[in-house]
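Worksheet: one structure, shown below.
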Amino acid sequence: MEPNEAMESNASALPLVFLHGVRVSGTMWQPVREAVDTRSGHRRTVAPDLPGHGRRRGERFTMDAAVDAVAEAVDELGGRALLVGLSTGGYVSIAAAARCPERVAGVLALGCTVRPRGVYASLFRGQFHLGARYPDTAEWLSVRGFRRILPAPAAAAMSAGGLSCEVMGDVADAITSTDPVALLAEYPGPVWLVNGSRDPFRSDERAFLNACRDGRLTVWPGLGHLSTLSDPQALARTVLDVAAAVEHRECAAV
């Protein structure tokens, strides 16, 4: 994370750490961060690249390394933040919350409520390892998919930091080696689970919700796995509503 990546700060507001999905980078969040910035008076936000992605391409992705990257980002913003993660970023946010609860004021996890086990884990690993084996083809298919699903600015943001399809196998191994439901049960803070109604990654959402000590679930009609990014203004409103709820909770606890 470069020193100028955090936007001009509103020191009184809870900082936000945005965590990206597999093969893309922190740039995928730029439209949402800009909308948050406009709405919240330069709240401190950052979208770090996880190991193996973006500026950290070539590094080995493991869940421990990803959590270390999150902890570093939070520390640079003052030591406590709300984590906002989509897909792989959502699984990483859950793992970070379990390992570093003192750094995580809350979690907003989107599109990551499938428990990676059984047939799903086998299919997931097979598909991601295939992408890692043929990264050029995976990149071409990814860019086409982004352009088909998302408006042009959001699609461009997805690939602006480069695509690292060769890391997909490591990501699959890391996710299928964890139990996010058990990790959620360890985290005492508030969790918001958000899924599009057409997202195949929502099949275990009730188990995830039931594991939370302080959780809630929202399902957005008509949206799929990535199309939750199609309206940055709407997503920014959700992020800021969650941030306000976490801030109110923390003030009430003082």
Does region 7-28 include one or more residues that are of a type in the set (Lys, Arg) and more than 14 Å from the chain's Cα centre (by Cα)?
no
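What number of residues within region 196-214 are under 17 Å from Thr228 (Cα atoms) and of a type in the set (Asp, Glu)?
Pass one, region 196-214, residues under 17 Å from Thr228 (Cα atoms): 196-203, 205.
In the following step, the residues that additionally are of a type in the set (Asp, Glu) were identified as 199, 205.
Adding up the residues that qualify gives 2.
Give me a count of the residues in region 123-170 that are part of a helix (DSSP H, G or I) and out of contact with any helix residue (DSSP H, G or I) (no Cβ under 6 Å at 6 or more places or on another chain). Walk me through how you get there before you give the answer.
Within region 123-170, the subset part of a helix (DSSP H, G or I) is 123-133, 135-149, 152-159, 165-170.
If we keep only those that are out of contact with any helix residue (DSSP H, G or I) (no Cβ under 6 Å at 6 or more places or on another chain) as well, we get 123, 126-127, 130, 133, 136-137, 140-142, 144-145, 148, 152, 156, 167, 170.
The number of residues fulfilling the criteria is 17.
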Return yes or no: is Ala252 in a helix (DSSP H, G or I) and either surrounded by 14 or more Cβ atoms within 10 Å (Cβ to Cβ) or touching a residue at least 60 places away in the same chain (Cβ under 8 Å) (or both)?
no
State the number of residues belonging to region 29-67 that are under 21 Å from Ala97 (Cα atoms), touching a residue at least 12 places away in the same chain (Cβ under 8 Å) and not in a loop (DSSP other than H, G, I, E, B).
7
Filtered residues of region 197-218 (kept if under 25 Å from Arg249 (Cβ atoms) and not small (Gly, Ala, Ser))
Glu205, Arg206, Phe208, Leu209, Asn210, Cys212, Arg213, Asp214, Arg216, Leu217, Thr218
Are any of the residues in region 214-226 within 24 Å of Ala66 (Cα to Cα), aromatic (Phe, Trp, Tyr) and either in contact with a helix residue (DSSP H, G or I) (Cβ under 8 Å, 6 or more places away or on another chain) or assigned to a helix (DSSP H, G or I) (or both)?
no
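When you scan region 100-114, do you find a residue that is part of a helix (DSSP H, G or I), surrounded by 15 or more Cβ atoms within 10 Å (Cβ to Cβ) and without any contact (Cβ under 8 Å) to a residue 60 or more places away in the chain, even just one? Spell out the reasoning first.
Let us first name the residues in region 100-114 that are part of a helix (DSSP H, G or I), namely none.
No, region 100-114 contains no residue that is part of a helix (DSSP H, G or I), surrounded by 15 or more Cβ atoms within 10 Å (Cβ to Cβ) and without any contact (Cβ under 8 Å) to a residue 60 or more places away in the chain.
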Residue that is farthest from Val219 (Cα to Cα), among those in region 115-150 that are among the basic types (Lys, Arg), modelled with pLDDT of 95 or more and surrounded by 13 or more Cβ atoms within 10 Å (Cβ to Cβ):
Arg133
What is the one condition in (1) closer than 19 Å to Ala245 by Cβ; (2) over 14 Å from the mean Cα position of the chain (by Cα) that Arg57 does not satisfy?
(1)
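Can you tell me which residue among Glu205, Glu166 is within 17 Å of the chain's Cα centre (by Cα) and within 27 Å of Gly131 (Cα to Cα)? Break it down into steps so the answer makes sense when it comes.
Details: Glu166 fails: within 17 Å of the chain's Cα centre (by Cα).
Matching residue, one of Glu205, Glu166: Glu205.
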Residue pairs meeting the criteria (Cβ under 8 Å; at least 6 apart or on separate chains; first under 22 Å from Asp64 (Cα atoms) and aliphatic (A, V, I, L, M), in region 177-198; second surrounded by fewer than 24 Cβ atoms within 10 Å (Cβ to Cβ) and modelled with pLDDT under 95)
Val181/Arg115
Hits in region 75-91 (condition: crowded, with 24+ Cβ neighbours inside 10 Å, in a helix (DSSP H, G or I) and out of contact with any His (no Cβ under 9 Å at 6 or more places or on another chain))
Gly90, Tyr91
Quick test of your reading of the structure: Asn195 fulfils all but one of (1) in contact with a strand residue (DSSP E or B) (Cβ under 9 Å, 6 or more places away or on another chain); (2) part of a helix (DSSP H, G or I); (3) under 20 Å from Leu82 (Cα atoms). Name the failing condition by number.
(2)
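The values are calculated or read from the model by the stated rules, or taken from the named source; none is laboratory data. None of the values given here were measured: they were computed from a predicted structure. Every residue, glycine among them, receives a Cβ derived from its backbone with ideal geometry; neighbour counts consider all protein chains shown.
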